[in-house]
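Student: I have a structure here, written as structure tokens, and I will follow up with some questions on it.
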Amino acid sequence: MTSIEDEWLWGWDATPGIVSVWAENARAIVWRRTADTGVLVREEERFRPWLLLDRLDDLLHLGAAVGRDGDPDAQVTHRELDGGGALRYLVSARNSQLLINTVLKGATQRLGRHIRHVRELDEDGILMLQPEEQYLVASGRCYFRDLSFDDLHRLQFDLETTGLDPAHDRIFMVSVRGPDGGSQVLEAHGTDDAAEADLIRRLVAVIQSADPDVIENHNLHGFDLPFLDRRARKLRVPLALGRFGPPGLRQRGARRGIALGDGDSRRRVRFMAPGRELIDTLDAVRRYDQTTRELPGHGLKAVAKYLGIARPEREYIRGDLIYHVYRSDPERVRRYATDDVDEVAALARMLGGPSFALAQMAPRRYERLADAGAATGVIDPLLVRAYLRSGTALPAHESSDGTPHSGAALHLFAAGVAHRVVKADVASLYPSLMRAYRIGPERDTLGALLSLVDRWVEQRLVAKAKARIAAPGSPERHSHEAMSAAMKLVVNSAYGYLAAGGDLTRFADVHAANEVTRRGREVLDLMCRELAARGVTLIEADTDGVYFAVPIAWTEADERRAVAEVAALLPPLVQLELEGRYAAMLSHEPKNYALLGYDGTLLLRGVAFRSSRAEPFGEKFLRRAIGRLLIDDVVGVHEVYLTTVSALRHRDISTHDVSSRVRLTKTPEQYLESRERRRELPYEAMFAAGRKSWSVGDRIRVYRNSAGEGALVLEADDDGESAQMDPRNYDIEHYIRLLRDSFAVRLARAFTQEDFAAVFADPDQPSLFQPPISDIHTVLTALPHHRTAGDVHDDPGDPG
DNA sequence: TCATACCGGGG
DNA sequence: GTGTACGGTATGA
């Protein structure tokens, strides 16, 4: 009762419980866990290594040892696939050594130069997957069938080190959380090589004894594994973290891996431990934030806090102080390290679902799917499996014919303050257009991508429905939500797959991608026209959504009716929804606006309104002023301005609030070299504070003091004992100028030029000709030729 | 000033 | 034997 499309989606082999696969030559080692008993079994499977070629020429030198599939005398066999794709020959052999050597030898003869490696061959003429993927594609198996996330045996470990550089710094502590949820802290008994080596040995023993399927940490691949690998090599400790083979971590090339060795080689790698899956929660966080874009940062502490999984009494220690604190208060560092692994475990469960679910579909290892980009990392392997299952030849990669890729529409119709604002948008516009108009890659003769997108959309609805029925917090709920999120991920990546530049994806098709965006612009324009025809004032339209203001007499029902009417005019499958209602909006520039909700919440969007380096007093001013502005309290705006100026004058604002957070990007040596030519505030501030050494990347807070010199703000936990330094000796006039020229100008669109000048006039030089502030009202200005991303320039002229 | 190069994270 | 996120900031012409 399974169709071929089902097989494209899930594979076809029902073997349950696979938690890891390792393949070499013609042998795949498969670790499986039984859901109800938790028992782990290890199985050895034989499989026939295979690859795809565009020609058989390179096999002919074998003579009688090569033949069609089924030829009893042949060591290397081949089968011709259907269709016109370039990769028409499915070639296989008893073991991969024979297979590869045959091809390399043939290519060497054909090309007249020595070919040592498959990667030296024209990539359009061959497709050879990693051994595990060959096995999974050929067998139709996938990870985790009939398993839920909580069935996995997961272990988290976190290194505490004396610094970030494994060439000099040491591991002095490791916190470990086992599959049973219990945690322990391992410590070095001493500060020498022997003590650190002993610590690493104990860590390895703990991991071997816990025997987890999955090892997790935050930035595991970017910090802990490379650090551990380096220290273990240096100290000659065998790092036997896997379930198979000799000790030592294996490497795989990975774009987002680390650059190994001190050479400038481009090669970046990630580590592997055969039999276990090494999962970095940082990848899950990035994947999550890619769609939500709501996280304040991607660090463990920030994310855990934001997602509500940090204990209230959780221990925090600034990174560069950890070893320092350890020497005086080791117990505090033990708590800190334990909190880290607990948070990682919770975070992995909370955000790791999509990767877990992807591994139930795609023929790749779980750890690969966890760090893969969705287009090349997930969709491509699914398409390869679909074509092979159908016995159809795959097309070669095709580089673009030079057609430029055209993007989405972005219109700014009006700037200033609008009231009664509605946001209407289309969920998943691009995949909906692909489905509605059957826009797929031209070379996809099977129509596999569109078929998959259709099925993903269906399966997502199924998963969502099942998740709703399941008990909150239950493994079932987690599984269904994970599946739904995974489906959303692949659906939303289908367009990116088409549009992938270069020849990244096998079926990339700029023409199809451009057709999607063209339809998208058409839909957006239609939405705008039809909404405007119903009497609304358009403000901003971007890709798949529109902000508009409705007439004063409209009720919420009128708003919904207008959106519904327009929705009915859109193409099938394109669903327009009322996404949000707001009391008011300050439209500043494309993608830069403020929204005031009917519940009073103020939302600021875009660089103009939120930037990590902005001085806190300026941000606070902006929030307060915009809050008044959006209820048309211009007098209030004026007062906020005057209050802020006065607070600066009286030094009522703290030093911290006028300071700016910056990253040091030069070493002390580099700065000293350029210092004579150009003095830079942050470094001068470091020197002035008597700090002569720092590391590139360190973040500090600096401000300008009344002598016009850079000065440092010491933050509370720089030093356990002393309170925050707050001398309030900042350069008042400088910060008043900054207030007006950098912050107040962001309200300029809300006023006429004269009114803006009046509201933000220098309080010390009142003009006789100013209109009374109470007569001033905000404005919304229609932009005649609405401005798009390409032709946005500056704010209106300097008020003053 | 504008374009491009780089970063995010970890102790 | 991998992959083109994306939006901000730092830098160099």
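The values are calculated or read from the model by the stated rules, or taken from the named source; none is laboratory data. Keep in mind it's a predicted model, so treat the numbers as computed, not measured. As a convention, Cβ positions derive from the backbone with ideal geometry for all residues, glycine included, and neighbour counts pool all protein chains shown.
Student: Could you pull out the residue among A:371, A:340 that is away from DNA strand C (no atom under 16 Å from the Cβ), touching a residue at least 24 places away in the same chain (Cβ under 8 Å) and in contact with a strand residue (DSSP E or B) (Cβ under 7 Å, 6 or more places away or on another chain)?
Tutor: Numbers: A:371 fails: away from DNA strand C (no atom under 16 Å from the Cβ).
So the residue among A:371, A:340 that is away from DNA strand C (no atom under 16 Å from the Cβ), touching a residue at least 24 places away in the same chain (Cβ under 8 Å) and in contact with a strand residue (DSSP E or B) (Cβ under 7 Å, 6 or more places away or on another chain) is A:340.
Student: Hey, among the residues in segment A:256-266 that are more than 10 Å from DNA strand C (Cβ to nearest atom) and in a loop (DSSP other than H, G, I, E, B), which one's modelled with the highest pLDDT?
Tutor: A:260
Student: Would you mind listing the strands (runs of 3 or more DSSP E) fully within segment A:573-659 where at least 3 residues are touching a helix residue (DSSP H, G or I) at 6+ places or on another chain (Cβ under 9 Å) and surrounded by 15 or more Cβ atoms within 10 Å (Cβ to Cβ)? Walk me through how you get there before you give the answer.
Tutor: Details: elements: A:576-589, A:592-597, A:602-605.
Where strands (runs of 3 or more DSSP E) fall fully within segment A:573-659 and carry at least 3 residues being touching a helix residue (DSSP H, G or I) at 6+ places or on another chain (Cβ under 9 Å) and surrounded by 15 or more Cβ atoms within 10 Å (Cβ to Cβ), they are A:576-589, A:592-597.
Student: Right, residue A:468: modelled with pLDDT of 90 or more and either closer than 23 Å to residue A:544 by Cα or of a type in the set (Phe, Trp, Tyr) (or both) or not? Explain how you work it out, then say what you get.
Tutor: Details: modelled with pLDDT of 90 or more: yes; either closer than 23 Å to residue A:544 by Cα or of a type in the set (Phe, Trp, Tyr) (or both): no.
It is false that residue A:468 is modelled with pLDDT of 90 or more and either closer than 23 Å to residue A:544 by Cα or of a type in the set (Phe, Trp, Tyr) (or both).
Student: Could you check how many residues of segment A:60-88 are outside any loop (DSSP other than H, G, I, E, B), under 24 Å from residue A:506 (Cβ atoms) and modelled with pLDDT under 90?
Tutor: Looking only at that region, the number is 0.
Student: Looking only at segment A:783-796, decide whether some residue is modelled with pLDDT of 80 or more and either within 41 Å of the chain's Cα centre (by Cα) or within 21 Å of residue A:620 (Cα to Cα) (or both). So that I can check it myself, show each step before the final result.
Tutor: To start, the set of residues in segment A:783-796 that are modelled with pLDDT of 80 or more comprises A:783.
Next, only the ones that are either within 41 Å of the chain's Cα centre (by Cα) or within 21 Å of residue A:620 (Cα to Cα) (or both) stay: A:783.
Within segment A:783-796, one or more residues are modelled with pLDDT of 80 or more and either within 41 Å of the chain's Cα centre (by Cα) or within 21 Å of residue A:620 (Cα to Cα) (or both).
Student: Okay, moving on. Just checking, how many residues over segment A:110-129 are outside any helix (DSSP H, G or I) and surrounded by 14 or more Cβ atoms within 10 Å (Cβ to Cβ)? Give the derivation first.
Tutor: Going residue by residue through segment A:110-129, those that are outside any helix (DSSP H, G or I) are A:112-117, A:121-129.
Keeping just the survivors that are surrounded by 14 or more Cβ atoms within 10 Å (Cβ to Cβ) gives A:115, A:121, A:124-129.
So the answer is 8.
Student: Of all residues in segment A:104-143 being β-branched (Val, Ile, Thr) and over 23 Å from residue A:385 (Cβ atoms), which is farthest from DNA strand B (Cβ to nearest atom)? Spell out the reasoning first.
Tutor: Initial filter on segment A:104-143 (β-branched (Val, Ile, Thr)): A:108, A:115, A:118, A:126, A:137.
Restricting the remaining residues to those that are over 23 Å from residue A:385 (Cβ atoms) gives A:108, A:115.
Values: A:108: 36, A:115: 32 Å.
Among them, the one singled out is A:108.
Student: Quickly run through segment A:712-737 and pick out the residues that are outside any loop (DSSP other than H, G, I, E, B) and at pLDDT 85 or above. I'd like the intermediate steps shown before the answer.
Tutor: Filtering segment A:712-737 for residues outside any loop (DSSP other than H, G, I, E, B) gives A:712-713, A:716-718, A:730, A:732-737.
Those that are outside any loop (DSSP other than H, G, I, E, B) and at pLDDT 85 or above: A:730, A:732, A:733, A:734, A:735, A:736, A:737.
Student: Filter segment A:109-140 down to the residues that are more than 14 Å from DNA strand C (Cβ to nearest atom) and modelled with pLDDT of 90 or more, then identify the one that is farthest from residue A:60 (Cα to Cα). Give the derivation first.
Tutor: We begin by selecting, within segment A:109-140, every residue more than 14 Å from DNA strand C (Cβ to nearest atom); these are A:109-114, A:135, A:138-140.
Subset that is modelled with pLDDT of 90 or more: A:135, A:138-140.
Details: A:135: 26, A:138: 25, A:139: 28, A:140: 30 Å.
Only one residue tops the list, namely A:140.
Student: Now a separate question. Return the residue satisfying two criteria in turn: it lies in segment A:204-222 and is more than 16 Å from DNA strand C (Cβ to nearest atom) and not aliphatic (A, V, I, L, M), and of such residues it is nearest to residue A:297 (Cα to Cα). Don't jump to the end; show me each part of the working.
Tutor: We begin by selecting, within segment A:204-222, every residue more than 16 Å from DNA strand C (Cβ to nearest atom); these are A:204-217.
Checking which are not aliphatic (A, V, I, L, M) leaves us with A:208-209, A:211-213, A:216-217.
Values: A:208: 34, A:209: 35, A:211: 33, A:212: 29, A:213: 29, A:216: 19, A:217: 17 Å.
That would be A:217.
Student: Which one of these is small (Gly, Ala, Ser), within 14 Å of DNA strand B (Cβ to nearest atom), within 17 Å of residue A:214 (Cα to Cα) and touching a residue at least 24 places away in the same chain (Cβ under 8 Å): A:284, A:254?
Tutor: A:284
Student: Any idea how many residues of segment A:645-672 are near DNA strand C (Cβ under 9 Å from one of its atoms) and of a type in the set (A, V, I, L, M)?
Tutor: Counting residues in segment A:645-672 that are near DNA strand C (Cβ under 9 Å from one of its atoms) and of a type in the set (A, V, I, L, M) gives 2.
Student: Among the residues of segment A:8-52, count how many are β-branched (Val, Ile, Thr), exposed (fewer than 15 other Cβ atoms within 10 Å of the Cβ) and assigned to a strand (DSSP E or B). Talk me through it step by step, then tell me what you get.
Tutor: Taking segment A:8-52 as the starting set, the residues that turn out to be β-branched (Val, Ile, Thr) are A:15, A:18-19, A:21, A:29-30, A:34, A:37, A:39, A:41.
Filter once more, so that each one left must be exposed (fewer than 15 other Cβ atoms within 10 Å of the Cβ): A:34, A:37, A:39, A:41.
With assigned to a strand (DSSP E or B) added as a condition, the list becomes A:41.
The number of residues fulfilling the criteria is 1.
Student: In the list A:144, A:157, which residue meets the criterion of being surrounded by 21 or more Cβ atoms within 10 Å (Cβ to Cβ) and on the phi > 0 side of the Ramachandran plot? Steps first, answer last, please.
Tutor: Values: A:157 fails: on the phi > 0 side of the Ramachandran plot.
Unique residue meeting the criteria: A:144.
Student: Step by step: first the residues of segment A:207-229, then only those that are more than 18 Å from residue A:342 (Cα to Cα) and small (Gly, Ala, Ser), then the one that is farthest from DNA strand B (Cβ to nearest atom). Which residue is that?
Tutor: Only one residue tops the list, namely A:209.
Student: Pairs only if they're at least six apart or on different chains, beta carbon under 7 angstrom, first in segment A:218-231 and touching a residue at least 40 places away in the same chain (Cβ under 8 Å), second near DNA strand B (Cβ under 8 Å from one of its atoms) and assigned to a helix (DSSP H, G or I); list them, first residue then second.
Tutor: Every condition considered, the pairs that remain are A:218/A:282; A:218/A:300; A:219/A:282; A:222/A:282.
Student: Only one of A:626, A:631 is within 33 Å of the chain's Cα centre (by Cα) and more than 16 Å from DNA strand C (Cβ to nearest atom); which? First the steps, then the outcome.
Tutor: Details: A:631 fails: within 33 Å of the chain's Cα centre (by Cα).
Criteria check complete, one pass: A:626.
Student: Could you say whether any residue in segment A:230-246 is touching a Phe, Trp or Tyr at 6+ places or on another chain (Cβ under 7 Å), closer than 28 Å to residue A:301 by Cα and either at pLDDT 95 or above or more than 16 Å from DNA strand B (Cβ to nearest atom) (or both)?
Tutor: no
Student: In addition: Tell me, please, whether a residue that is buried (at least 16 other Cβ atoms within 10 Å of the Cβ), among the hydrophobic types (A, V, I, L, M, F, W, C) and closer than 19 Å to residue A:393 by Cβ can be found in segment A:98-109.
Tutor: Checked segment A:98-109: at least one residue is buried (at least 16 other Cβ atoms within 10 Å of the Cβ), among the hydrophobic types (A, V, I, L, M, F, W, C) and closer than 19 Å to residue A:393 by Cβ.
Student: Could you list, in sequence order, the residues of segment A:423-449 that are within 29 Å of the chain's Cα centre (by Cα) and of a type in the set (A, V, I, L, M, F, W, C)?
Tutor: Selection gives A:424, A:426, A:427, A:429, A:433, A:434, A:436, A:439, A:448, A:449.
Student: Scan (1) within 36 Å of the chain's Cα centre (by Cα); (2) within 16 Å of DNA strand C (Cβ to nearest atom) for the single condition residue A:168 breaks and write down its number.
Tutor: (2)
Student: Here is a follow-up. Of all the residues that make up segment A:558-610, how many are of a type in the set (Val, Ile, Thr) and at pLDDT below 95? Break it down stepwise before answering.
Tutor: Applying the first criterion (of a type in the set (Val, Ile, Thr)) to segment A:558-610 yields A:563, A:566, A:574, A:601, A:607.
Next, from what is left, pick out any that are at pLDDT below 95: A:574, A:601, A:607.
Matching residues across segment A:558-610 total 3.
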